[in-house]
Amino acid sequence: MLFRSLLNFASNLSKVGDTATLRGVLLALLEADSQKRSTFNSAGVLLYQHNAMQEAEIAFRRALDLDPSYADAYNNLGIVMSAQSRHVAAIKNFRSALAAAPNAPEAYNNLGNALRRSGEFAESVSYFEQAIALKPNYKDAFFNLGLALHDMEKYDAAINQFTAALDRKST
């Protein structure tokens, strides 16, 4: 009960932008429930949302120490790496997320983005397509596929994907 209350409080602090208090609550949260992978993952997400990249990375790595097959933590760690333009590390973490959860469309989309940002346009296309195959109304994946096709100078195909993204509801 204390854990859930602290998590809700931390989430509310996150929404109002009280970063200093948020960090203190997250520390209390981690002390109260220091053996649950989801606690560290949730803390990492909140820290990432407040641009506390080093602390978020530590939280995600702690979640992975507790469970080396935790796909969400790998995916979130990859997002942190991408935000810091650490593309090689991001790609590695997204691949680990997919190894642990091969039906995770978000991880396919995130891997596609990391590959695209590192100049691997053709390879990124296949990951966006896999994300779409798993989640046919995945607006972001259609948009990102359009970006990759644009980067490859396949403008008509890119326009088709941007149009497909616009035709989908947000997911």
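The values are calculated or read from the model by the stated rules, or taken from the named source; none is laboratory data. Predicted, not measured: the structure shown is a model, and the values here were computed from it. So basically every Cβ, Gly included, is an ideal-geometry build from the backbone, and we count neighbours across all protein chains shown. Keep in mind that these areas ignore ligands, DNA and RNA; they rest on the heavy atoms of the full protein, side chains included. Shrake-Rupley method; radii C 1.70, N 1.55, O 1.52, S 1.80 Å.
So the values come out like this:
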{"item": "Extended-chain gain in nm, criterion 0.36 nm per residue less alpha-carbon gap, ARG61 and ALA101", "result": "12.6 nm"}
{"item": "Semi-axis lengths, Å, segment 64-111, gyration tensor of Cα atoms, sqrt of 5 times eigenvalues", "result": "16, 12, 7"}
{"item": "In Å², nearest 10: area of MET53 left accessible to a 1.4 Å probe", "result": "30 Å²"}
{"item": "Segment SER69-LYS15, extension gain: residue separation times 0.36 nm, minus the distance between their alpha carbons", "result": "16.4 nm"}
{"item": "Segment 26-171: radius of gyration over Cα atoms, expressed as a fraction of 2.2 N^0.38 Å", "result": "1.11"}
{"item": "Virtual spin-label span in nm between LEU166 and GLN35, 7 Å along Cα→Cβ", "result": "5.5 nm"}
{"item": "GLU153-VAL88 pseudo-label distance in nm [points 7 Å out on the Cα-to-Cβ vector]", "result": "2.9 nm"}
{"item": "Residue-normalised accessible area of segment 59-171, expressed per residue, 1.4 Å probe, Å²", "result": "49 Å²"}
{"item": "Probe 1.4 Å - accessible area at HIS150, Å² to nearest ten", "result": "90 Å²"}
{"item": "Surface accessible to a 1.4 Å probe, ASP151 within the full protein complex, Å²", "result": "50 Å²"}
{"item": "Accessible carbon and sulfur surface of segment 22-164 relative to its total accessible area, %, 1.4 Å", "result": "50 percent"}
